[in-house]
Structures are given as C-alpha cells and as structure tokens.
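A short worksheet on the structure shown next.
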Amino acid sequence: MGGIWAIARHTVAASMRMKIALFFIVLLGVLTLGLPFAAEGDASVSGAVQSFLAYSIGAVSFLLSCLTVFLAWTLSSEIVGKQILTLMTKPLGRSQYVLGKWLGIIILDGVLLLFSGIIIYGMTMYIASREPRDEFDKHKLNTQILQARHASKFILPDFTAVADAQFEKNITEGVYANIEDFDEAKEKFRLLDYLQKRWRSVWPLEMRQFEFEDVRCDRSSPDATIQIRYESRVANYPPNEILQCQWYVGNRQKDTELYHFNRRDVIDRRHTLTVPADAVAEDNTLLVTFLNVDPSVPEGAMQHPATVIFEGDDSIQVLFSVSSFWSNLVRTLLLVMCRLAFLAAFAVSAATVVSFPVAALASLVVYTLAAMRGFISDSADWLYDEGVPMLLQTAIDNVFAASYFLIPDFSQFNGIENLVDGRNVPLMWVLLGIGKLVFIKTGILLLIGCLLFHRREVSEVSL
Amino acid sequence: MQNDTLPVVQTVGLSKVFKDFWRRPRVEALKSLNLEIRPGEVFGLLGPNGSGKSTTIKLLLGLLHPTRGRISVFGRPPADVAIKHRIGYLPEESYLYQFLNARETLDFYGRLFRQHSRVRNDRIDMLLEMVGLQHEARRRIGEYSKGMARRIGLAQALINDPEFLILDEPTSGLDPIGTKQIKDVIRQLGDMGKTILLSSHLLADVEDVCDRVCILYGGQQRAEGEIGDLLADTEKTQITADALSPETIERIREVIHEKEAKSIDVSVPRGRLENLFLRIVRDAQSAKVATSGVGQAGAIPEFLGAATSSSEQIIKSLLDASNKEEVSKPLEVAKPQPREPSAAEQVVEQLLGQKEERPIVSPPASTEPDVEESPDSMPKAIDADRNIIDSLLQNIDKKTDKDK
C-alpha cells in the first residue's frame with residue numbers, strides 16, 4: 001500500500017505543479033460562481049435554482065471527466081520521459097504503479113468535486129435567498145426543488161383473470177373457430193394488453209381510482225404536504241386545449257381526509273397537486289381518484305368528449321419528502337464520482353499500452369458511449385424489424401452484448417435529473433454505482449491494465 | 001544479507017532481439033552473454049555506443065525481457081520486486097521529474113522504499129551533502145545543469161543503501177570535478193563492500209575504479225577479466241623521480257647499462273590537465289568564490305556503510321582525496337619481502353645513496369607526481385617509496401631470471 005500511496009501523492013503533486021489541476025480549479029470556480037448570474041431560467045427563483053443545478057453539476061461532471069482523461073497523461077509521460085526506468089527499479093510492483101496512478105487521479109477528482117459541491121450548495125442557497133416572483137414560486141422552491149422527494153407509482157390492477165375469462169368465453173362462442181395458425185398465448189397477451197390499455201383510458205364521465213402503497217411521509221406535522229404529479233395524454237382535444245376534470249385525494253374508508261380539486265389543465269403538460277399529508281392512510285396507502293367530468297358543465301348538459309389516457313406507469317406519481325436537499329446533492333456528487341472512477345480506470349489502463357493521444361481518444365469514445373448508451377440501444381431497434389437478416393441481428397446483438405459488458409450505462413448512475421426535480425436520489429443508486437461501476441467494472445479495467453503493464457517492456461525500443 | 005558465495009548477477013546465454021511493430025526481428029542487441037558479478041567487486045561493462053551495455057543493464061533490472069537465456073540477480077529473476085530493495089540504479093540519463101526539487105525528488109524515491117520519515121530525511125541531508133547540492137536542494141530539477149541532475153541521479157540510486165549499485169554512464173555530462181567525485185564515490189563504495197556494475201565507454205573511468213571488466217562489441221562479449229591482468233605490460237619498467245641532475249641521470253644510465261646492459265629513455269614528465277584544473281577549483285573554493293552550481297562534495301554518508309572515523313578521512317575534499325589516493329595506492333600493490341640482495345638491489349641501493357636527489361619509483365600503472373604535496377602525506381610517501389622499490393626489485397628480478 002505504501003508504494004500505491006507514494007505514486008498517488010506524486011500524481012497529485014505532478015498535476016498541481018504542472019498547473020493542470022490549477023487550471024481546472026480556476027475553471028470550476030469561475031463556472032460555479034459565475035453561473036448563478038447567468039442562469040435565469042424562467043425568471044422565477046425556482047427556475048433559476050433548477051437551471052443552475054442542472055448546468056453547474058453537468059459542467060462540473062464534464063470538466064472533471066476531461067481532467068481525469070488528461071491526468072492519465074502523467075502515466076504516458078513517465079514512459080515517454082523515461083522516469084519509469086528509475087521507478088521500476090524501486091520496490092514498486094507494476095500493479096502498484098497502475099493503482100497508484102488511478103488513486104491519485106481519484107483523489108484529485110474527489111477534492112475538486114468536493115470543492116465544486118460546496119460552491120454549488122452555497123450558490124444554490126444564495127439564489128434561493130432571492131425574492132421569489134410570487135407565492136407559487138416560493139412554494140415550489142421549498143416543496144418541490146429544495147427537497148429530496150420519493151416518487152411512488154400507482155399499482156396497476158391485475159387483469160389476468162379477466163383476460164382468461166374473456167378468452168374462455170371467446171372459445172365457447174367460437175370466436176376463434178375460423179382463424180388459421182391460432183396462437184393461444186398471443187391471444188391471451190392481446191386480451192390482457194387491451195384490458196390494461198382500457199383501464200388506463202378514462203372515457204368522458206368515467207372515473208378511475210389509482211392506489212398507491214408505501215407512502216411513508218411525515219403525517220405528524222399539520223403543514224406536511226405531498227404532491228400528486230400527473231401527465232396525461234388526451235384523445236380528442238377540447239377546442240381550447242384545456243382539460244377540465246376533477247380529482248379526489250384521500251380514502252374515507254380508511255378514515256383519512258378527502259380533498260377535492262376542480263382542475264383546468266393545459267393539455268400535454270405535467271401538473272402537480274399539493275395535498276396535505278393527512279390524506280395518506282395509517283397503513284401508508286393513498287387513494288387518488290380521477291373523474292373525467294367537467295365541473296363547469298351543468299348537470300344534464302353534454303361535456304366535450306375527450307378521453308384521458310394515463311399511458312406510462314409514472315404518468316401519475318405521489319411525491320413526498322424523505323431526505324434533505326443537502327444529502328441529495330451529496331448522493332448526486334457521489335454518483336458523479338463513481339463515473340469518474342470508471343473513466344479514470346479506463347484512461348489509466350489504456351495509457352499503459354498506447355500513447356496518450358490514443359488513450360485519451362479511446363477514453364472519450366467510451367465516455368460518450370456510456371453517456372449515450374440508451375440512445376444507442378434505441379437506435380438499433382430497426383434491427384428487429386422483419387426482413388433484417390438473422391445473421392446480422394445476431395452479429396450486432398453480440399457486439400452490443402460485448403460492449404455492454406464493460407461500458408456501463410451512465411444514465412443509470414445519473415442523479416442530476418432527480419436533484420433538479422427535487423426527487424430523491426436513492427441511496428441504492430449510489431450503492432449500485434459503487435458496486436457495479438467501481439468494484440466490478442473499474443476493478444476489471446484496472447486488472448486488465450495491470451496485466452497489460454506487467455507484460456510491457458517499459459524500455460522497449462521502437463524500430 | 002547476501003550470501004557471499006552466490007554471485008550477485010549471473011546471466012547464461014542471455015540474448016535480446018528487438019523487434020518491429022509486426023514482431024519481426026530487427027536488431028540482435030545482445031548475443032549469448034554469460035556474465036557473473038561477484039559480491040563486493042566493482043565490475044566494468046565496457047563497449048562503444050550500441051554494443052549492448054545499456055540493454056544488458058535493462059535486462060538485469062527487468063525493464064526488458066530476454067529473448068533467450070537466463071538472468072538471476074541475488075538468485076532471483078529480475079522482475080522480483082523484493083530484490084529491488086537491494087539495488088540502486090543510475091540510468092544513462094538522469095530521468096528526473098522537472099517539477100520537483102532535489103529534496104522532493106529524494107523524498108519521493110525514499111517513500112518507495114517505505115523508509116520512516118526521520119530516516120528518510122536524515123539520508124536526504126547526507127546524500128545532498130555528499131553530492132554537494134545541499135545549498136541547491138530547494139531549486140527545481142528543471143533548473144539544474146546536466147551535471148547537477150546527474151548528481152541527484154546518483155543520490156537517488158543510493159537512498160536505499162543498496163548492496164548492488166548499477167551505474168550506467170555515471171560520468172556523462174559531468175565536469176572534471178564531478179567526474180572525479182563520482183569516481184571517488186564509486187571507489188569508496190567498492191571499499192565498503194558494495195557490489196557495483198559500472199557501464200561506460202569512457203575507458204579511463206573504468207580503468208580507475210573497476211576490479212574486473214567485460215568488453216562488449218556488437219552485443220557480444222569480447223574480453224573479460226581482472227583489470228590488472230588485462231592491462232599489465234610486463235615488457236617494460238617505469239622509473240619516476242623528482243628532477244635529477246644530468247650527472248645523476250648519466251650515472252643511472254651507467255648503472256643500468258652495467259647491470260642490465262639496457263638503455264633507458266629519460267624525459268621530463270608533464271602534469272595532467274585534470275590535476276591543474278582541480279587545483280584551481282580547490283583554490284577558488286578555499287577563497288569562497290560564489291557559484292550557483294555544485295558546492296564542495298561531502299563525505300560518504302554513514303548509512304551507506306562508512307564508519308564515522310573513516311568518513312571523516314574519506315573525501316575531506318576532492319583534492320585532498322585525490323592527492324592521498326595517488327600517493328598511497330602503491331602501498332596496496334607491493335609489500336616488502338625479506339630476501340637475499342640481488343643485482344637489482346645493488347642498483348637501487350646506489351640510487352638511494354643519492355640522498356639529496358632521493359628517487360621515487362612507481363610501477364607503470366602509477367600516475368605522475370602530485371602538483372602539490374600536503375605535509376601529512378610526506379611520511380606515507382617515504383613508505384610508498386620503499387614499497388614501490390621493493391615491487392620494482394621483484395619485477396627486475398623476474399626480468400633478470402627471464403633474460404638468463
């Protein structure tokens with residue numbers, strides 16, 4: 001460990017003395033201190049805070065990724081500058097050297113991330129202390145942004161039994177009698193899918209109840225609130241593109257308060273209802289009822305026949321505070337750190353076998369692939385269209401599988417979106433980040449780097 | 001500690017072929033080298049540029065992998081990290097970190113040996129003093145001259161008090177003072193029992209300090225042996241004396257002609273430029289003339305094995321050391337043996353009879369007289385004279401027997 005530590009210290013010292021770290025410190029300082037004055041958002045304080053958080057953490061993450069790749073240069077430069085000849089004659093294992101380099105980069109990243117995190121927190125509080133635009137702005141800032149809220153999804157009813165019964169009925173009635181190559185499983189799946197879609201679609205004058213479990217919010221305080229966030233799709237738009245509907249939150253059967261909302265919502269936008277926490281039952285369940293009934297239409301009159309569709313599982317969420325903004329920020333930065341650890345391992349391992357420009361280029365490619373893995377996967381969907389040769393599908397599938405083995409999906413370890421949205425960055429993400437990204441993938445990369453460097457002749461002559 | 005019977009380095013059929021990008025053999029840098037370096041010896045690796053000296057060293061250090069053959073260092077493969085605790089290495093160029101200063105450089109390398117901070121700091125102080133850079137310890141290495149960097153390179157090689165020191169072209173880039181200092185250090189480390197492998201194409205460096213040499217050419221071993229054996233010229237005798245009058249010279253001619261029936265060449269010897277240069281520098285240092293370069297070198301640090309009393313004696317100053325060295329060296333090569341007076345002895349007795357022109361005789365390998373004699377070297381010089389004369393007598397006896 002002594003050798004690893006000595007190399008790590010030396011790497012940090014090298015980056016400081018060669019002004020690399022200093023340059024990035026100045027850049028990070030200017031960026032995090034200057035952004036609050038540049039990021040205005042939608043002219044509200046809450047918008048400014050959200051813009052600042054999104055841009056500052058994104059920029060810090062990107063700059064530290066560049067620094068990480070750049071610091072791998074210290075390894076290449078020691079090989080090119082031949083300092084490695086002296087180093088490798090000391091009681092220093094080659095693995096210790098590689099690990100020391102990685103540790104040095106990580107330490108520097110960690111210190112700079114901490115430095116940036118403190119400034120980001122300070123500047124967030126500074127922006128939040130500005131005069132809010134209105135009461136809504138103030139309320140949004142305090143309850144929806146400077147919070148770490150857990151988002152619960154509703155429970156989709158199980159329609160399997162209904163689908164099976166419908167299937168049996170269709171058989172009995174001979175509905176499928178004339179169908180060639182009849183596939184029972186496919187038909188059952190179709191029926192189930194239909195029933196689920198039908199349930200998610202609320203026709204005019206219909207009602208739908210969404211049940212949430214495990215809503216462990218603080219109900220002790222009379223000021224405690226929860227948020228119901230929904231985003232629906234509307235078939236057959238009203239002429240003014242405003243959907244008028246009603247919501248009930250609470251469950252009288254479980255002896256909770258029941259809150260009623262008449263809403264006029266702009267279509268295709270996300271909306272939030274703030275509800276006192278006493279709508280949640282003792283068993284931590286919450287019942288949310290949606291009525292596709294226009295409250296402004298007199299009884300007996302016809303309302304506009306718009307169908308409201310809650311398509312995704314997160315189309316309605318219940319949000320409640322579980323942690324503080326500060327701890328949420330820390331977890332977000334820890335996830336950034338996990339990504340940097342992986343990138344550092346790749347850059348260092350690459351630098352053990354190829355020259356710095358090649359190692360840097362490869363590292364940036366991997367960083368981009370990891371950041372865009374979801375997009376890249378989606379872009380390969382055409383492969384599964386009919387008419388694409390099976391051989392091509394298999395070949396590309398295998399290429400993807402091989403690359404996924406090492407290249408992680410950074411979107412799984414990205415807490416910025418949650419932080420900006422005031423949603424909790426789960427500790428589980430951080431633990432997964434440490435486990436999957438740091439221990440497994442980073443570990444594998446460092447192992448490969450150590451093995452390659454062990455085999456390398458550090459004094460090799462190029463002929 | 002090392003086993004004295006075990007060679008420090010042993011290579012058997014060691015070959016190295018450098019290959020190109022496509023792994024095609026391009027240059028055979030070393031061909032079947034069989035080498036053995038014994039504990040405590042100063043071993044010279046000689047050869048012109050490209051002869052395979054540095055390749056050999058890099059193979060010994062595990063920086064290159066052999067294409068064929070076997071290497072053991074302290075009985076272990078060179079890649080073994082454990083043996084690195086016992087090795088010090090000065091590469092052909094002092095590849096140091098330009099952004100660190102001398103103290104930080106030595107501190108960094110000391111940390112790799114897991115030395116306690118107190119021990120490390122003490123050693124750094126002693127080594128900086130030894131290489132004469134104690135006053136420049138806070139300057140960045142990037143601002144150093146090549147010679148100064150070379151000295152720090154040597155200091156880093158000694159930070160762990162190595163049993164086996166590998167020096168690749170240690171005097172390259174050094175001025176005559178530096179060269180002399182490095183050679184003195186090598187010699188003294190050798191006296192302390194360190195095993196030293198010295199690679200150089202500067203023949204004088206190797207001749208001055210090495211016990212045994214191996215000469216490489218084109219990656220092949222051309223000669224190997226004790227330096228005395230390789231250089232001895234038994235066909236000639238050299239007599240060196242203080243200035244003699246023409247009459248005395250004529251008498252010597254007559255005596256030698258009478259006893260040996262041989263003629264002699266008489267000439268006035270020239271001093272060496274090195275000695276003149278060193279004397280000027282010593283005078284400047286005595287007068288404390290300011291310089292931004294290297295200061296006066298200090299003694300070998302105690303941690304390297306020098307006892308306190310001897311370290312005071314060793315390298316008091318560069319020139320003191322060089323003066324003593326040149327006079328006292330013959331003491332070690334010749335010891336008086338009691339025996340019957342021979343014809344040769346009679347010749348010498350006649351020579352010694354010239355009290356006002358007492359001759360000093362040295363074997364051919366000896367250097368010319370010092371530029372300046374120090375008072376405390378005089379008694380040794382008289383002893384040396386007698387020993388050298390005895391040695392000469394033996395040579396003359398041998399020659400006489402051979403002639404008979």
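The values are calculated or read from the model by the stated rules, or taken from the named source; none is laboratory data. Note that the structure is a prediction, hence the values are computed from the model and not measured. Virtual Cβ from ideal backbone geometry, glycine too; neighbours counted across all protein chains shown.
Residue-wise test of (1) free of Cβ contacts under 8 Å to residues at least 40 places away in the same chain; (2) part of a helix (DSSP H, G or I); (3) within 30 Å of residue A:240 (Cβ to Cβ).
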residue	(1), (2), (3)
A:287	no, no, no
A:298	yes, no, yes
A:302	yes, no, yes
A:311	no, no, yes
A:337	no, yes, no
A:345	no, yes, no
A:359	no, yes, no
A:364	no, yes, no
A:370	no, yes, no
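Working carefully through the options A:164, A:218, find the one that is part of a loop (DSSP other than H, G, I, E, B), in contact with a helix residue (DSSP H, G or I) (Cβ under 8 Å, 6 or more places away or on another chain), of a type in the set (D, E, K, R) and in contact (Cβ under 8 Å) with a residue 24 or more places away in the chain.
Checking each option against the conditions leaves just A:218.
Look at the range A:230-280 and say how many of its residues are buried (at least 18 other Cβ atoms within 10 Å of the Cβ) and in contact with a helix residue (DSSP H, G or I) (Cβ under 6 Å, 6 or more places away or on another chain).
Of the residues in that region, 3 qualify.
Of the residues B:150, B:187, only one is within 14 Å of chain A (Cβ to nearest Cβ) and either over 25 Å from residue A:100 (Cβ atoms) or part of a loop (DSSP other than H, G, I, E, B) (or both); which? Talk me through it step by step, then tell me what you get.
On the way: B:187 fails: within 14 Å of chain A (Cβ to nearest Cβ).
Answer to the check: B:150.
Restricting attention to the range A:55-76, does a residue exist that is free of Cβ contacts under 8 Å to residues at least 24 places away in the same chain, surrounded by fewer than 23 Cβ atoms within 10 Å (Cβ to Cβ) and either within 14 Å of another protein chain (Cβ to nearest Cβ) or more than 20 Å from residue A:360 (Cβ to Cβ) (or both)?
Checked against the condition, which is being free of Cβ contacts under 8 Å to residues at least 24 places away in the same chain, surrounded by fewer than 23 Cβ atoms within 10 Å (Cβ to Cβ) and either within 14 Å of another protein chain (Cβ to nearest Cβ) or more than 20 Å from residue A:360 (Cβ to Cβ) (or both), the range A:55-76 yields at least one hit.
Only residues that are among the hydrophobic types (A, V, I, L, M, F, W, C), touching a Phe, Trp or Tyr at 6+ places or on another chain (Cβ under 6 Å) and within 20 Å of residue A:142 (Cα to Cα): list them for the range A:23-73, please.
A:39
Can you tell me which of (1) touching a helix residue (DSSP H, G or I) at 6+ places or on another chain (Cβ under 8 Å); (2) farther than 26 Å from residue A:333 by Cβ; (3) in a helix (DSSP H, G or I) is the one residue A:391 doesn't meet?
(1)
The rows are residues; the columns are (1) among the acidic types (Asp, Glu); (2) crowded, with 17+ Cβ neighbours inside 10 Å.
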{"site": "A:307", "(1), (2)": "no, no"}
{"site": "A:318", "(1), (2)": "no, yes"}
{"site": "A:321", "(1), (2)": "no, yes"}
{"site": "A:327", "(1), (2)": "no, no"}
{"site": "A:381", "(1), (2)": "yes, no"}
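Here is a check on your reading of the model: is residue B:245 at pLDDT 75 or above, within 30 Å of residue B:145 (Cα to Cα) and not charged (D, E, K, R)? Outline the logic, then answer.
Working: at pLDDT 75 or above: yes; within 30 Å of residue B:145 (Cα to Cα): no; not charged (D, E, K, R): yes.
No.
Based on what the data block shows, is residue A:85 hydrophobic (A, V, I, L, M, F, W, C), within 14 Å of chain B (Cβ to nearest Cβ) and either part of a helix (DSSP H, G or I) or within 31 Å of the chain's Cα centre (by Cα) (or both)?
Values: hydrophobic (A, V, I, L, M, F, W, C): yes; within 14 Å of chain B (Cβ to nearest Cβ): yes; either part of a helix (DSSP H, G or I) or within 31 Å of the chain's Cα centre (by Cα) (or both): yes.
Yes, satisfied.
Being over 30 Å from residue B:159 (Cβ atoms) and free of Cβ contacts under 8 Å to residues at least 60 places away in the same chain narrows it down to one residue among A:81, A:110, A:122, A:117; which is it?
A:122
Condition test on residue A:95, is it within 30 Å of residue A:2 (Cα to Cα), in a helix (DSSP H, G or I), over 26 Å from the mean Cα position of the chain (by Cα) and at pLDDT 90 or above?
So residue A:95 passes the test.
Restricting to the range B:155-170, name every residue that is assigned to a loop (DSSP other than H, G, I, E, B) and either of a type in the set (A, V, I, L, M, F, W, C) or crowded, with 24+ Cβ neighbours inside 10 Å (or both). Lay out the reasoning, then the answer.
So the first thing to find is which residues in the range B:155-170 are assigned to a loop (DSSP other than H, G, I, E, B), and the list is B:159-163, B:169-170.
B:159, B:170, listed by residue number.
Just give me the residues in the range A:167-206 being part of a loop (DSSP other than H, G, I, E, B) and either closer than 30 Å to residue A:286 by Cβ or at pLDDT 95 or above (or both), in sequence order.
Looking only at the range A:167-206, we keep the residues that are part of a loop (DSSP other than H, G, I, E, B), and these are A:173-183, A:203-206.
Residues satisfying the conditions are A:203, A:204, A:205, A:206.
How many residues does the range B:63-90 hold that are at the interface with chain A (Cβ under 7 Å from one of its Cβ atoms) and more than 16 Å from residue B:160 (Cα to Cα)?
Number satisfying all stated conditions: 3.
Among the residues of the range B:91-114 satisfying the criterion of being among the hydroxyl-bearing types (Ser, Thr, Tyr), within 7 Å of chain A (Cβ to nearest Cβ) and not in a helix (DSSP H, G or I), which is nearest to residue A:90 (Cα to Cα)? Let's see the steps before the verdict.
Pass one, the range B:91-114, residues among the hydroxyl-bearing types (Ser, Thr, Tyr): B:94-95, B:97, B:105, B:109.
Then drop every residue that is not within 7 Å of chain A (Cβ to nearest Cβ), which leaves B:95, B:97, B:109.
From what's left, not in a helix (DSSP H, G or I): B:95, B:97.
Working: B:95: 14, B:97: 16 Å.
Taking the candidates together, the pick is B:95.
Do we have residue A:136 as surrounded by fewer than 17 Cβ atoms within 10 Å (Cβ to Cβ) and either under 30 Å from residue A:347 (Cα atoms) or modelled with pLDDT of 95 or more (or both) here?
Numbers: surrounded by fewer than 17 Cβ atoms within 10 Å (Cβ to Cβ): yes; either under 30 Å from residue A:347 (Cα atoms) or modelled with pLDDT of 95 or more (or both): no.
No: the conditions fail for residue A:136.
May I ask you to say which residue of B:206, B:185 is in contact with a Ser or Thr (Cβ under 8 Å, 6 or more places away or on another chain) and of a type in the set (A, V, I, L, M, F, W, C)?
B:206 is the lone residue from the list that is in contact with a Ser or Thr (Cβ under 8 Å, 6 or more places away or on another chain) and of a type in the set (A, V, I, L, M, F, W, C).
Just checking, which of A:374, A:443, A:449 is part of a helix (DSSP H, G or I), away from chain B (no Cβ under 14 Å) and under 21 Å from the mean Cα position of the chain (by Cα)?
The unique qualifying residue is A:374.
Mind listing just one residue for me: the one in the range B:135-147 that is surrounded by 19 or more Cβ atoms within 10 Å (Cβ to Cβ) and of a type outside the set (D, E, K, R) and, of those, farthest from the other protein chains (Cβ to nearest Cβ)?
Top of the filtered list is B:147.
So, in the range B:74-90, exactly how many residues are small (Gly, Ala, Ser) and assigned to a helix (DSSP H, G or I)?
Number of matching residues: 1.
Can you find a residue in the range B:119-126 that is surrounded by fewer than 24 Cβ atoms within 10 Å (Cβ to Cβ), more than 28 Å from the chain's Cα centre (by Cα) and facing chain A (nearest Cβ under 9 Å)?
No: zero hits.
Regarding the range B:61-73, can at least one residue be identified that is crowded, with 22+ Cβ neighbours inside 10 Å and either aromatic (Phe, Trp, Tyr) or in a helix (DSSP H, G or I) (or both)?
First, pick out the residues of the range B:61-73 that are crowded, with 22+ Cβ neighbours inside 10 Å: B:61-64, B:71, B:73.
Next, from what is left, pick out any that are either aromatic (Phe, Trp, Tyr) or in a helix (DSSP H, G or I) (or both): none.
Checked against the condition, which is being crowded, with 22+ Cβ neighbours inside 10 Å and either aromatic (Phe, Trp, Tyr) or in a helix (DSSP H, G or I) (or both), the range B:61-73 yields no hits at all.
Filter the range A:22-34 down to the residues that are surrounded by fewer than 21 Cβ atoms within 10 Å (Cβ to Cβ) and touching a residue at least 40 places away in the same chain (Cβ under 8 Å), then identify the one that is nearest to the other protein chains (Cβ to nearest Cβ). Don't jump to the end; show me each part of the working.
Just the residues of the range A:22-34 that are surrounded by fewer than 21 Cβ atoms within 10 Å (Cβ to Cβ), to begin with: A:22-23, A:25-27, A:29-31, A:33-34.
Now narrow it down to the ones that are touching a residue at least 40 places away in the same chain (Cβ under 8 Å): A:25, A:29, A:33.
Working: A:25: 17, A:29: 23, A:33: 28 Å.
By that ranking, first place goes to A:25.
Which residues, counting only those in the range A:12-21, are crowded, with 20+ Cβ neighbours inside 10 Å and within 11 Å of chain B (Cβ to nearest Cβ)?
Across the range A:12-21, the qualifying residues are A:14, A:15.
Could you list, in sequence order, all residues of the range B:2-56 that are within 12 Å of another protein chain (Cβ to nearest Cβ), touching a Pro at 6+ places or on another chain (Cβ under 7 Å) and modelled with pLDDT of 90 or more?
Passing the criteria: B:16, B:17.
Restricting to the range A:310-356, what's the tally of residues that are over 30 Å from residue A:277 (Cβ atoms) and of a type in the set (D, E, K, R)?
Here the count works out to 1.
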